[in-house]
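Q: One structure, pasted below without further comment.
The values are calculated or read from the model by the stated rules, or taken from the named source; none is laboratory data. Fair warning: this is a prediction, and the values are worked out from it, not measured in the lab. Neighbour counts run over all protein chains shown; Cβ positions are idealised from the backbone, glycine included. Note: accessible area is taken over every heavy atom of the protein model, side chains too, but ligands, DNA and RNA are not part of it. Shrake-Rupley method; radii C 1.70, N 1.55, O 1.52, S 1.80 Å.
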Amino acid sequence: MSVIENPLQRAVACYSRGMLGEALRHVDAALTEGEIAADALELKGVILQMQGSHEAALRTLEHARQLQPLSMAAQLAIADCYCQRGDFEDGRSIYCELSERDDLPPTLMSCLAEGLGRLQEFDRARRVCELAVQHNPDCHAALYGVVFYMCRAGEPAEKSIPLVERLIDLAPRVFRYRMSLATLYGQQEEQEKAYLAIADASTDELHSVDCTCCVTRLIDLFAQFGDKERAAYCRCRMIEIASE
């Protein structure tokens, strides 16, 4: 096994394993030694952004950008820093430019979609998620992103229902997908289909719901179809949420 002697290489290795504190220590050592300053600064900025030190990350990434163009991962990081500081248009510009690229790594698509979504760029966020689905058709998280941003953009329920049914086929035990299907059917006044989507919910699945609006919808559905046991459990769950 080869020994990694370069501090920047050690930093990259730690970063790839999620050891952010250790990675930061090594990248600072690399900067102290004057090794590959631009790459080290970029990595440091990304790590600081992931740790929530947005102002320090922004200063570091802006310094790195003066030395060389930022990688796409670093562009996502600096866009988030701008938004955290309230410079939404600077962040929006970077996010929108990245959404137009055809060489965006699939590993960055979720982060990009979330950034666009926070800025209410719902159509762009949906297209990024659709691209992620093209790369991995069995990725239910990416498909859920498509549905989520379609709904946020105000698309009619009938457009989303087939996608949510596909979601349930991919991940039948993810309860929020069945909850989403029930919500969509409820919007179409198809109450029986809405109930059937969640009729076999276990207590563990019902306990996983922590949104009061969602629990209220569950109570109404279960009560409407005489499912007294689940309706009672959801009422108890509502009390639990209120006391948390």
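Q: Taking the stated definitions as given, is residue 134 of a type outside the set (Ser, Thr, Tyr), assigned to a loop (DSSP other than H, G, I, E, B), over 18 Å from residue 233 (Cα atoms) and within 19 Å of the chain's Cα centre (by Cα)?
A: Judged against the criteria, residue 134 is not a match.
Q: Return the pairs, sorted by first residue and then second, in which the second residue is of a type in the set (S, T, N, Q), the first residue lies in region 58-83 and is part of a loop (DSSP other than H, G, I, E, B), the beta carbons are less than 9 Å apart, and the residues are 6+ apart or on different chains.
A: Within 9 Å, the pairs are 69/75.
Q: Moving on. Of everything in region 17-73 that's of a type in the set (Asp, Glu) and farther than 20 Å from residue 7 by Cβ, which residue is surrounded by the most Cβ atoms within 10 Å (Cβ to Cβ)?
A: The qualifying residue surrounded by the most Cβ atoms within 10 Å (Cβ to Cβ) is 62.
Q: Go over the candidates 152, 166 one by one and state the one that is among the charged types (D, E, K, R) and at pLDDT 95 or above.
A: 166
Q: Separate question: Just to be sure, is residue 199 without any contact (Cβ under 8 Å) to a residue 40 or more places away in the chain, of a type in the set (A, V, I, L, M, F, W, C) and more than 24 Å from residue 109 (Cβ to Cβ)?
A: In short, yes.
Q: Looking only at residues that are open to solvent by 70 Å² or more (accessible area, probe 1.4 Å) and assigned to a helix (DSSP H, G or I) in region 180-204, which one is modelled with the lowest pLDDT?
A: Once the filter is applied, the top-ranked residue is 187.
Q: Here's another thing I want to ask about it. Please work out which residue is most open to solvent (accessible area, probe 1.4 Å), limiting yourself to region 205-244 and to residues that are within 24 Å of residue 172 (Cα to Cα), of a type in the set (D, E, K, R) and not in a helix (DSSP H, G or I).
A: 210
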